[in-house]
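The values are calculated or read from the model by the stated rules, or taken from the named source; none is laboratory data. All values derive from a computational prediction rather than experimental measurement. Cβ placement follows ideal geometry from the backbone for every residue including glycine, while neighbour counts extend to all protein chains displayed.
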Amino acid sequence: MICGWCITGHCCHGRVAGCVHARRCKVDQATVKKMTDAATEKAMAHARRMRLETQMTGRIRKAWAQLDVATDECIRLNGEIRKLTAAGEPADVVRSFETDLALEQAKAMGKCEILAIIMPAPLDTPKAISQEAGKRYQMRLRGVAYETPGIRMVAASVMDDLEPNEAWT
């Protein structure tokens, strides 16, 4: 630890207990400033990286939440189609719900494909992501708090793929 005297340019000459600067040199404020600036930059870079990693984790969670919404809508539409078919509704009414279902399934599959690109194994295929979406749906029905494994790890690995100057500044 360097004391306040040595940092401001007035070396304590060892009078302050624990000051390592006075033991190393006389008053070399340029070296002290470089060391302080380097330590500050390193601490700030770490803080920026942690903030960005937290933001990335939030974005990945948001992508999963969007898939959850699409999954819920697919299940709701499928139930409506069954009810309409059982009630003997006209085919064109049922067909309009089937069209909506096909559109929602396509949206959900697109979300699965995107998540499969970034998620680690075993969730690295659209089919595995779709199965995980079903598991998340079942957990929501039960009222159980559940987070897909690997979300935080993905955020860290995405951050590692960035160049340090992109991620840390």
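Take region 87-106 and flag every residue that is closer than 12 Å to LEU77 by Cβ, among the acidic types (Asp, Glu) and without any contact (Cβ under 8 Å) to a residue 24 or more places away in the chain.
Taking region 87-106 and keeping what is closer than 12 Å to LEU77 by Cβ, we get 94, 96-105.
With the extra rule that they be among the acidic types (Asp, Glu), the set shrinks to 98, 100, 104.
GLU98, ASP100, listed by residue number.
On the basis of being at pLDDT 90 or above, over 22 Å from ILE60 (Cα atoms) and out of contact with any Asp or Glu (no Cβ under 9 Å at 6 or more places or on another chain), does LEU84 make the cut?
Details: at pLDDT 90 or above: yes; over 22 Å from ILE60 (Cα atoms): yes; out of contact with any Asp or Glu (no Cβ under 9 Å at 6 or more places or on another chain): yes.
So LEU84 fits the description; yes.
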* In region 128-146, how many are within 20 Å of ALA108 (Cα to Cα) and out of contact with any helix residue (DSSP H, G or I) (no Cβ under 8 Å at 6 or more places or on another chain)? -> 6
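Looking at the structure I just gave you, is LEU101 at pLDDT 90 or above, assigned to a helix (DSSP H, G or I), surrounded by fewer than 18 Cβ atoms within 10 Å (Cβ to Cβ) and of a type in the set (A, V, I, L, M, F, W, C)?
Numbers: at pLDDT 90 or above: yes; assigned to a helix (DSSP H, G or I): yes; surrounded by fewer than 18 Cβ atoms within 10 Å (Cβ to Cβ): no; of a type in the set (A, V, I, L, M, F, W, C): yes.
Considered against the rule, which asks whether it is at pLDDT 90 or above, assigned to a helix (DSSP H, G or I), surrounded by fewer than 18 Cβ atoms within 10 Å (Cβ to Cβ) and of a type in the set (A, V, I, L, M, F, W, C), LEU101 comes out as no.
Listed here are the residues, each with its yes/no results for (1) surrounded by 12 or more Cβ atoms within 10 Å (Cβ to Cβ); (2) in a helix (DSSP H, G or I); (3) modelled with pLDDT under 80.
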| site | (1), (2), (3) |
| --- | --- |
| TRP5 | yes, yes, yes |
| ALA17 | no, no, yes |
| ALA22 | yes, yes, yes |
| LYS34 | no, yes, no |
* **Odd one out for ALA106, checked against (1) crowded, with 16+ Cβ neighbours inside 10 Å; (2) at pLDDT 95 or above** => (1)
* Look at ARG59 and say whether it is surrounded by fewer than 16 Cβ atoms within 10 Å (Cβ to Cβ), out of contact with any Leu (no Cβ under 8 Å at 6 or more places or on another chain) and at pLDDT below 85. => no
* Take the residues in region 75-93 that are in a helix (DSSP H, G or I) and of a type in the set (A, V, I, L, M, F, W, C), then tell me which one is nearest to LYS135 (Cα to Cα). => ILE75
* Asked: Regarding ILE114, is this residue out of contact with any His (no Cβ under 6 Å at 6 or more places or on another chain), in contact (Cβ under 8 Å) with a residue 12 or more places away in the chain and surrounded by fewer than 17 Cβ atoms within 10 Å (Cβ to Cβ)?
  -> yes
* Just to be sure, is LEU123 among the hydrophobic types (A, V, I, L, M, F, W, C), under 19 Å from the mean Cα position of the chain (by Cα) and part of a loop (DSSP other than H, G, I, E, B)? -> yes
* To do: Say whether the condition of being aliphatic (A, V, I, L, M) and buried (at least 16 other Cβ atoms within 10 Å of the Cβ) is met by at least one residue in region 138-152.
  => yes
